[in-house]
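The values are calculated or read from the model by the stated rules, or taken from the named source; none is laboratory data. Everything numeric in this text was worked out from a predicted model, so none of it was measured.
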Amino acid sequence: MTTFNNFTKLKEKVDKHRPLSPEKMEMLDEKFEIDWTFHSNAIEGNTMSIRETTLFLQEDLTSKGNVERIFGDPKPRGSD
């Protein structure tokens, strides 16, 4: 099965539950942001775990001793 077909099937699943509540949309947006950031940074060689990525994006928290390792990588929301 092609990637496009996979996306089409996933979209069909989501469409069955439409309209999504604002709360569900916010949850989906947050999940996509975390996953996208985590995988994008992993491709670039960043070694943050998914949990560290989540904490960094949501709370601007970093694991002790990891500041140098992630400096200059993902920015917390609203830090631009």
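Could you list, in sequence order, all residues of the range 4-54 that are of a type in the set (K, R) and over 10 Å from the mean Cα position of the chain (by Cα)?
Residues satisfying the conditions are K9, K11, K13, K16, R18, K24, R51.
At least 1 residues being at pLDDT 90 or above is the threshold, and among the helices (runs of 4 or more DSSP H) wholly inside the chain those reaching it are 3-15, 22-43, 50-59.
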